[in-house]
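Have a look at the structure below, then the notes.
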């Protein structure tokens, strides 16, 4: 079974959510449509629906990320699930236990879903291959590999502003090479039939196999931005700034930082996305971050709806858990 | 708009709770009366009311305080809210994000209330000035500035024992200069029309502008305690004990520590408050802490009721959140 | 009152759960039978019952243990309680407050149950002696003394596989001397009338008063395992491995590690338990851990049911909390 296939049931329905790769347009559209429906929940007086009442969602974070953990915790609570936060960095893997033993231990508590964040690419998939059949695994970011819920919240944000993907030009700007957000976005944009996908950045920060990804490569930001409808800025990891891959944050900003002048090269109604947290003055000028074209906070809002949607879909696609216990 | 006014709506109702300063007697009485009503909840078999069901309360703690965080978490849960604990010391402000970006990010998750603790005076007010209009901000302690829920739980405790404030003499003893508890208590006692408010401590630990605060200043504890009905002891921060402001903890206790002998100078039925945690043998002798005049644990119990009251009032005073979303 | 008696009410019902010592067969059977009933909850679509709705359970962990904390948190949530996690290592005992002041402070928040984990033997009992009468205390492990819920989940696992205890031979293998799990298991097995209880390990890791515990002592693993129906392996603490008590982990495994060959000396249908986390290749060979005789993950599942049972029983045995407040 290919990495991408483990997340689909025999009849092709989503049972985990690990990567966009290998999914079909219908899977992504189902997530987006469900997220649209659920986005209304947060605007009601009572921001909860009983969908996952009596289910247990475990945030299994091997890599600390308060922000991402918070969005999944909130999504689960708005679906009325019980949430356990397990920070494994400070937990029993310290005690010499293997990853698999940790997983089997928590699954034996008869939980329903693992939300996994891990510094190693493939960790969420590894866990999905080994968990009990009643447990769904969501990938909340694995190494440089994938961050599929981030991609889907970006797609939701784009669709809300631009409608169909077929006519869109989208530029992804920055450290594409090390970015799981970029990888997942490229796959999602392609699956959704986006007109043109560009990646823009210095050679040291773009993948060597760019053509295989179905994208156009630009090293010059002005060229890369010309006439695009959507600009997805990537976060520059601090450790890169002082490393051999980049001269300095200031020099990076001079070449690849998004300013209002540069944004003027894009289509007049182009929108700007960023996964956060933003390094103001490095990836983007504050005028752009706070300007009318940025949809960065909408991304956050849509992120809750997308995560609620994915949780609802994968658990809805599963058999009654009782059938899985001996 | 003055700092004090930001917390009131156009028609003068509490929409945040940042400081006692600038509030009127009616605001404080509303909190105390609501807290009395809600104090019954914790004595029922089912210690919950549905008031905030479907609301999301975020404990945004930039300064670690398990105890204070626990009281707000419990208050919110007893009102049936969902609670997210976000410890920002270990979170994304580490990643170079500004405070305002962090706030905007979490508010974009469509939460309803921030409970803010921060080492910098004015932080909660700063946040209240910048949050989306549907979000209420509660100050859980900002620098040396204010700790208004602590003041209100002290007022509730005093009122339960002493009734009207007009005839009372109250002494606040210790490090008034650095104490947000003292500042908020002085304001609350004055707003409630307390007969006489005294501050007692060494010159190095009393504010220079004491007269402007409407209090009488005593440097001698015996004089300061004479005939008072209420003694509010302040916590002595450990870092002060070894600093230039104080000779030593033992010497401090000798001059300003509350003993049974000294307490005998106060009115025969005087009560003793302390915000906790207590340094036994520094601010107070254990015989007083454990004696019949101490109401320190009642303060804790009342603190849950006061926090439930403030949460109910500020959210009750707000428009339906739906109206605030574009 | 003896240490063991503090946990029983005047009419002999469980009001805390601190140690197996001093309990009668009927107490243990009540826990096992209740756990059997509650084990069905986790197999339902909605894994919750309203038993503790409106109650507040506080996980008071002075010793960090994500795994144990998680099992109690989950048990409480499946009973619909509100749960507060208070990690005291990072909390106010840092600020110079005494343990008793910390306890009194949290109990003043009108909580209903403390789940206590502490590195010092007797800590849970100390707390039980001093809490307000309406609060139940569960011992989640105190020093080398006791870990009674672990013992009860082991008993539940054994009873599910073997039925009556009278005809069973049980071997407890490893570092009995330093193990609170072993002590609690020995008491539980004796109270339940187990046919024969053996302890197996090197002299340096067995208690000197073994005979007084009602067990048979073996220093040779092959002899100790012969014809037993149940093998309870203990976790070897890492700090022992490099200490003076043991030559090395490899040498320990050679003498006391459980392999399939050695397990063949036991009864043909013998089961193998381990409290986790396992050091594969130290206490047990991976072939045994993953083999058909290991019931280690069932222990975890049963642990949730046992903790739900204990929580239900101790709170059910208490008067209405309202009666305890002045």
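Per-residue shielding of A:71-80, expressed as the average number of other chain Cβ atoms within 10 Å of the residue Cβ, stands at 3.
Rounded, prolate or oblate: which fits region C:1-93, taking a ≥ b ≥ c as square roots of the Cα gyration tensor eigenvalues, rounded meaning a/c under 1.5, else prolate when a/b beats b/c? The shape class here is oblate. Taking every residue in C:104-114, how many Cβ atoms of other protein chains lie within 10 Å of its Cβ, on average? Shielding by partners across C:104-114 averages 6.
Each Cα pair under 8 Å and six or more residues apart adds its sequence gap; the mean of these over the residue count of region C:179-288 is a relative contact order of 27 percent. Highest mean packing comes first when the peptides A:310-318, A:184-192, B:284-292, A:97-105 are listed by Cβ atoms within 10 Å, giving A:184-192, A:310-318, A:97-105, B:284-292. Rg and Dmax over the alpha-carbon atoms of chain C stand at 19.7, 64 Å. Only DSSP H runs of four or more residues enter the estimate; each adds -39500 (n - 2.57), and after division by the residues of chain A the mean residue ellipticity at 222 nm equals -10500 deg cm²/dmol. Relative to the dominant Cα principal axis of chain A, helix A:25-38 is inclined by about 80°.
Full extension from residue A:255 to residue A:238: what is 0.36 nm times the residue separation minus their Cα-Cα distance, to one decimal in nm?
My answer for the length gained is 4.4 nm.
Across the protein assembly as shown, how large is the tail of the calculated P(r) beyond 44 Å, expressed as a percent of all Cα pairs? Tail of P(r) above 44 Å: 41 percent of Cα pairs. Between copies, the label points of residue A:44, set 7 Å from Cα on the Cα→Cβ line, lie 2.3, 2.3 nm apart, reported in increasing order to one decimal in nanometres. Relative to the compact-globule estimate of 2.2 N^0.38 Å, the Cα radius of gyration of region B:132-175 comes out at 1.55. Residue-normalised convex hull volume from the C-alpha trace of region A:1-43: 76 Å³ per residue. Helix A:296-316 versus the longest principal axis of chain A: what is the Cα-based angle in degrees, 0 to 90, to the nearest 10? Helix A:296-316 and the main axis of chain A meet at about 30 degrees.
Label point of residue A:259 (7 Å along Cα→beta-carbon): distances to the other copies' equivalent points are 7.2, 7.2 nm, sorted ascending.
If packing is taken as the average count of other Cβ atoms within 10 Å, what order do A:206-213, B:14-21 fall into, highest mean first?
Order by mean packing, descending: B:14-21, A:206-213.
Annotation for residue B:208, label-to-label distances across the other copies: 6.8, 6.8 nm (shortest first, one decimal, point 7 Å from Cα along Cα→Cβ).
Considering region A:148-300, its Cα convex hull presents a mean projected area of 7.8 nm². Other protein chain C-beta atoms within 10 Å of residue C-beta, averaged over B:44-57: 4. The two copies B and C are related by a rotation, and the chain B beta carbon nearest its axis, with distance in whole angstrom, is B:85, 5.
Contact order normalised by length for chain C, with contacts defined as Cα pairs under 8 Å and 6 or more residues apart; what percent is it? Once normalised by length, the contact order is 19 percent.
Rounded to the nearest 10 degrees, the inclination of helix C:180-191 to the longest alpha-carbon principal axis of chain C is 90 degrees. Taking each residue as 0.36 nm, the span from residue B:213 to residue B:248 lengthens on full extension beyond its C-alpha to C-alpha distance by 9.8 nm. The spacing between region B:56-126 and region C:261-307, judged by their C-alpha centroids, is 43 Å.
No lab work stands behind these numbers, since they all come straight from the coordinates. The structure presented is a predicted model; accordingly, all values stated were derived computationally and were not measured. Quick reminder, even Gly has a Cβ in these numbers, built from the backbone with ideal geometry, and neighbours come from all protein chains shown.
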